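Written out below as C-alpha cells is the structure these notes cover.
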Amino acid sequence: MTFTRRLSLFGIGLGLGCLLAWGIYGNRLENTDWMPNHRVKLRLQSTLIQATPQGEAQLAPLHLTLADLRQAVIDSCDVNFSKSIRSKDSLVYFVHGTVRGQQVHYMAATLRDFRTDSTATLTAIHAGLK
C-alpha cells in the first residue's frame with residue numbers, strides 16, 4: 001500500500017470520525033452551559049434571594065434590588081474566578097457587570113454543598129469601576 005493511499009484512507013476515516021462526533025455531541029460552541037462561568041451565573045440567577053444587612057444598605061443608594069441583580073447576571077455579568085474565595089464549606093464569588101445601565105461589582109456567598117442550603121447571599125456591592 002502506497003503512502004498516498006494510506007493518507008487518503010486516513011483522511012476519509014478522520015472525516016467520518018469528525019462527522020460522527022459532531023452528530024453525537026452537536027455544536028457545543030452555541031451551548032456553553034457546561035462551562036464554569038455559565039454554571040455559576042445560572043446558580044446565582046436562581047438562588048440569589050437574600051442579602052446581608054451590609055449588602056442591603058449598599059443596594060439602597062444604587063436604587064437596585066436583588067431581582068435586578070438576578071435578571072442581569074446572565075446577560076451582562078462575568079464571574080471573576082481569580083478573586084473568588086473558596087473554603088471548605090463556602091464559596092464567595094466576585095461578579096462584575098452592568099445592571100440597569102450602571103457598572104457594579106458585587107460579592108455573593110454560597111455554600112459549597114448546595115443540598116444543605118441552596119441560597120446565595122449578597123454580601124457587598126459597589127458601583128463604578130474598580
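Quick rundown of the values:
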quantity: Residues being charged (D, E, K, R) and more than 8 Å from the chain's Cα centre (by Cα) - total across region 32-42; calculated: 1
quantity: Residue ID - modelled with the highest pLDDT, chosen from residues in region 89-104 that are open to solvent by 40 Å² or more (accessible area, probe 1.4 Å) and not basic (K, R); calculated: F94
quantity: Residues of region 70-88 that turn out to be small (G, A, S) and either in contact with a Pro (Cβ under 6 Å, 6 or more places away or on another chain) or open to solvent by 60 Å² or more (accessible area, probe 1.4 Å) (or both), as a count; calculated: 1
quantity: Among (1) farther than 15 Å from T123 by Cβ; (2) at pLDDT 90 or above; (3) not in a helix (DSSP H, G or I) - the single one G13 does not satisfy; calculated: (3)
quantity: Positions within region 16-48 being open to solvent by 100 Å² or more (accessible area, probe 1.4 Å), at pLDDT 85 or above and within 30 Å of T121 (Cβ to Cβ), in sequence order; calculated: R39
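The values are calculated or read from the model by the stated rules, or taken from the named source; none is laboratory data. Owing to the predicted nature of the structure, the values given are computational and were not obtained by experimental measurement. Note that we place each Cβ from the backbone using ideal geometry, even for glycine, and neighbour counts take in every protein chain shown. Surface accessibility is based on the protein's heavy atoms, side chains included, excluding ligands, DNA and RNA. Shrake-Rupley method; radii C 1.70, N 1.55, O 1.52, S 1.80 Å.
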